[in-house]
Structures are given as structure tokens and as C-alpha cells.
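Accompanying notes for the structure given below.
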Amino acid sequence: MLPGPLDPPPLARPGETPVALLYARLDEADGRVSGRWRRRREAEYEVFELGDGTVVRWIRTRKGVVEDHQLDASGRPSVTVDSEGGVPVRAVAHGASDVTVDLAGWVAASGPIGRVTVPAAPKPRDGGGWSVEALGGTLEAWLDQPSDPTAPAFVEGLLAGSGADLADRATVWVDGRPSVRFALLAGDRPASVWAVPVDSGTLVLAWWGRATDDPVDAWLATRVLAALVDLDAPPVEVP
């Protein structure tokens, strides 16, 4: 049974910001990773740790190839993005059955903040921001007013505005920033929404899919979209 709109599942590690550290080696045990041999510079691994040592992201760079491993609040794999020459080429959403997304032909677009890699050039969205067709649905991005996505009022407003039910929510880190991902269901239409507090407001990414009998696979695949956000990148130059 899905939780009610006023009884969302609790959030793990809400608001915790990871610290970026450099390591020469990464160890794995029981599906989780930890760094070994700290370095001040020129290390193969950049590791993002919470206060108790839980790793929520690690990046490995070798000979122009970058592996960006993004993990959930328990330190389990969520999404891996492979880039070559600074361009994302492949992403894998990890679940009971992994979903691989070929990023060939995807483009970097200026987001409301930073850049987002998407399947095609986005179009302006009513009310600000933009929209683009992605992964069998429509992805929208816009900058909203400052808010706390962990608060009950945010959930209530999200459900009232979308007309959907809440299937799940989780703490995630969008490009290292503590955020919340919401899995919604409006009838048989799945949706994924990310709320990312930033200095100038709240960055919102909202994906709405088509009707399906298997929303779980849709929610899994759309993790890739938030994993392709670079909040610190400069705007894309338009020729």
C-alpha cells in the first residue's frame, strides 16, 4: 500500500552535505565502498563522504575516462555515468535489474542553474524554465522560490499541485547537493520530481511519463536524468 499524502516515508540523512576527499584507493565490502590512503592532490579517486564515513558518490578518472558513481543514502549504487573527453556517453541506473541508457546524441543544455545533459535542445516552458522529451516522457526544469523539500508542507503542495499520489521519497545528492526525490503516480502515469535547494531558490526537475503497468522501471530509469546535472558548470554557449 502506498503511504498517504500526510504520511510520507521518513527521509534518511536529510540535509547532510558530503565532503569531497581524495584517495589513492577504494575498498569495497558488502556492496559499500570506503577510501584508503588519503591524498592532498593528484589522486585517482574523488570520494564524497557524509559525517559517519558513508560514501554517497565517488569519481574515478583515468586517461580521459571518468566514472561517476552516485550512491543512495545507505551507500548502495544508484546511478553510474561514464564520460569520455568530458562528454557523458553512457549511464546505468542500478536496481533489481539495471537499466542502461546510451547517451550518444544527448546534448548539454543550460539549466536554470548550471547545465543538464538531455536528449535534445529543450524548449521554453510556460512559467519559466524549459521542457524536453526524455526517456518516454517529458522532463521540465525550472527555478522555484526557496523552500524546504523535506518539510510536510512541501509534500502537501507537490501532491495538491500535481494531482498525484506519493509512492516514495528519498534523500539524494544532485551533483553533491542534498536534495529530495519524489516518486509520484497519477492513475497509471508515473512521475519523478527532484527538489534541489540552491542559493537562489529551489531547482525543480519534474519528469512525467506515459501510462504504464510498470511504474517501478520508469522511476528507476529516470534516476539518470538527475545524475546528469552539473550545478557549477557555466551556461552553454549558443553559436
Kirkwood-based Rg to Rh ratio, the stretch 109-159, C-alpha trace | 1.03
Checking Pro146, Pro178, Pro88 against a Gaussian network model of the chain (alpha-carbon springs below 10 Å), the top fluctuating residue turns out to be Pro146
Using only C-alpha positions, report the orientation-averaged shadow area of the convex hull of the stretch 105-239, nm², one decimal.
-> 8.0
Mind checking the angle between helix 152-162 and the chain's longest principal axis? C-alpha axes, 0 to 90 degrees, to the nearest 10.
-> 60
At a probe size of 1.4 Å, how large is the accessible area of Ile113, to the nearest 10 Å²?
-> 40
Identify, among Ala12, Leu22, Gly53, the residue whose Cα sits farthest towards the positive end of the charge dipole of the stretch 2-83, taking +1 on the Cβ of Lys and Arg and -1 on the Cβ of Asp and Glu, with the dipole about the Cα centre.
-> Leu22
Trypsin sites (Lys or Arg not before Pro) restricted to the stretch 81-136 and DSSP loop, no more than 16 other C-beta within 10 Å | Arg125
If N is the residue count of the stretch 148-206, its Cα Rg over 2.2 N^0.38 Å rounds to 1.08
Given unit charges at Cβ for Lys, Arg (+) and Asp, Glu (-), the dipole magnitude of the stretch 116-232 about its Cα centre in debye, nearest 20, is 100
Hey, what number do you get for the chain at 222 nm if only DSSP H runs of n ≥ 4 count, each worth -39500 (n - 2.57), divided across all residues, to the nearest 500?
-> -2500 deg cm²/dmol
Looking only at Ala218, Ala151, Ala73, which one moves most when the chain is put into a Gaussian network model with springs between Cα atoms under 10 Å?
-> Ala151
In whole Å, what is the distance between the alpha-carbon centres of the stretch 169-239 and the stretch 1-75?
-> 19
Trypsin sites (Lys or Arg not before Pro) within the stretch 16-83, DSSP loop, no more than 11 other Cβ atoms inside 10 Å = Arg40, Arg41, Lys63
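Given N residues in the chain, what is Rg(Cα) / (2.2 N^0.38 Å)?
Ratio of Cα Rg to 2.2 N^0.38 Å: 0.99.
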For Val19, placing the label point 7 angstrom along Cα-to-beta-carbon and taking the stretch 38-56, residues whose amide nitrogen sits under 16 Å are 38-41, 46-56
May I ask you to derive the FRET efficiency for Val198 and Ala104 from their Cβ-Cβ distance with R0 = 25 Å, giving the value to the nearest 0.05?
-> 0.25
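Sorted from largest to smallest, which semi-axis lengths in Å does the alpha carbon gyration tensor of the stretch 1-86 give for its equivalent ellipsoid, taking the root of 5 times each eigenvalue?
28, 15, 11
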Scan of the chain for GluC sites (Glu not before Pro) in DSSP loops with at most 10 other beta-carbon atoms within 10 Å gives a longest site-free stretch of 43-236
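Based on the Cβ-Cβ distance of Ala211 and Arg32, what FRET efficiency does E = 1/(1 + (r/R0)^6) give at R0 = 35 Å, to the nearest 0.05?
Result of the calculation: an efficiency of 0.40.
The values are calculated or read from the model by the stated rules, or taken from the named source; none is laboratory data. Just so it is clear, the structure is predicted and the values come from calculations on it, not from any experiment. So basically every Cβ, Gly included, is an ideal-geometry build from the backbone, and we count neighbours across all protein chains shown. Just so you know, the surface numbers come from the protein's heavy atoms only, side chains and all, with ligands and any DNA or RNA stripped out. Shrake-Rupley method; radii C 1.70, N 1.55, O 1.52, S 1.80 Å.
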